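A.B. asks: One structure follows; several queries about it will come next.
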Amino acid sequence: MNEETQSQATGIDQKEMPFAIVQGAPITELPKDLYIPPDALEVFLEAFEGPLDLLLYLIKKQNIDILDIPLARITEQYMGYIELMESLQLELAGEYLLMAAMLAEIKSRMLLPRRDSEEEEDDPRAELIRRLQEYERFKQAAEKLDEIPRYERDIFGAVVEFTGRKINQKPPDVSMDSVLKVFAEVMRRADMFSHHQIKREALSVRERMSIVLDKVNPDTFTDFADLFQIEEGRAGVVVSLLAILQLVKDSLIQLVQNEINGPIYVKAAS
């Protein structure tokens, strides 16, 4: 049996597999003039947000009790990570080196023999454990907050247009010109009660709003001119107008006019 027959019998393709396909053409040999720079290989390590995050990762990776940290082993692994970052020419933050110095100090304090009077001293690891526990609580809280659905990230608003809906025709809007025209007539009538006696009266727009609300109700229409007391003169009718406009702005009353230049009626909002 020759090689071709043997290849057909075993069903195995003896051709060399290409390591790349460029524009549909397989490439099985490297070009002679191919240059690979020394920094072409990039290694992406697991991202850490700081030295405490790295320490917490090393502790959880080995299921170590955070209250009883084997400082020698953790320090050795931490320094190995620092050396790896330096060998890969990664920017090494100063806080990582500061933590390495702190681990070395705590380790040296634990190796020193203690006197009898120092037996009750605090564990040199106590401050480090406290910081790790506090950092772990904040990290867990941040992860829980990130799991909450966020608008425009997990939840998106939608707008639906109802093309077939019917719109009820509203009464014609009352123009400001019509309001001022009726008010001018009220002012003309108020001038008949003007006098030259100088007397300062306390006129409150808020109080006049309450008076206007007492005069109107949502079931019947009240003539716009009936809301003014022309006996009060100009000052009184001006305060009444300001009170009515403020109530309209607050959507507490409605102005209705059934025809252009027709009478204006007022009713309380339902």
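Throughout, read-outs are computed from the coordinates displayed, never taken from laboratory work. These numbers were taken from a predicted model, which means no experiment stands behind them. Don't worry about glycine lacking a Cβ; one is built from the backbone with ideal geometry, like all the others, and counts go over all protein chains shown.
A.B. asks: FRET efficiency for K61 and I155, Cβ-Cβ distance as r, R0 = 41 Å, nearest 0.05?
C.D. replies: Once the sixth-power term is evaluated, E becomes 0.75.
A.B. asks: Grab the Cα-Cα distance for S270 and V248, subtract it from 0.36 nm times how many residues apart they are, and report the gain in nm with one decimal.
C.D. replies: Here the answer is 6.6 nm.
A.B. asks: Can you tell me how the range 176-268 classifies by the Cα gyration tensor, rounded, prolate or oblate, using a/c under 1.5 as the rounded cut?
C.D. replies: Taking the square roots of the gyration eigenvalues as a ≥ b ≥ c, the range 176-268 is oblate.
A.B. asks: Under 12 Å from the Cβ of A101, count the other residues' Cβ atoms, weight Lys and Arg +1, Asp and Glu -1, and hand me the total.
C.D. replies: Spelling it out: positives minus negatives among the neighbours equals -1.
A.B. asks: Points 7 angstrom from Cα along the Cβ direction at E231 and I211: gap in nanometres?
C.D. replies: The modelled label-to-label distance comes out at 1.1 nm.
A.B. asks: State the extension gain, in nm to one decimal, for the chain segment bounded by K181 and V22, taking 0.36 nm per residue of separation less the distance between their alpha-carbons.
C.D. replies: 48.9 nm
A.B. asks: With a 10 Å Cβ neighbour count serving as the proxy for reagent exposure, in which order, fewest first, do E231, E161, E136 appear?
C.D. replies: If I rank by nearby Cβ atoms, fewest first, I get E161, E231, E136.
A.B. asks: Extending each Cα 7 Å along its Cβ direction at A126 and N261, get the distance between those two points in nm, one decimal.
C.D. replies: In this crude label model, A126 to N261 measures out at 9.4 nm.
A.B. asks: Follow-up. Suppose every K and R has +1 on its Cβ and every D and E has -1 on its Cβ; what is the size of the dipole of the range 176-268 about the Cα centre, in Debye to the nearest 20?
C.D. replies: 300 debye
A.B. asks: Please list the non-local residues whose amide H lies under 5 Å from the amide H of F228, H modeled 1.01 Å from N, same-chain partners needing a gap of 5 or more.
C.D. replies: HN-HN under 5 Å from F228: empty list.
A.B. asks: Then there's this: Once the Cβ-Cβ distance between R109 and L145 is put in as r, and R0 is 41 Å, what FRET efficiency do you end up with, to the nearest 0.05?
C.D. replies: The computed FRET efficiency comes out at 0.65.
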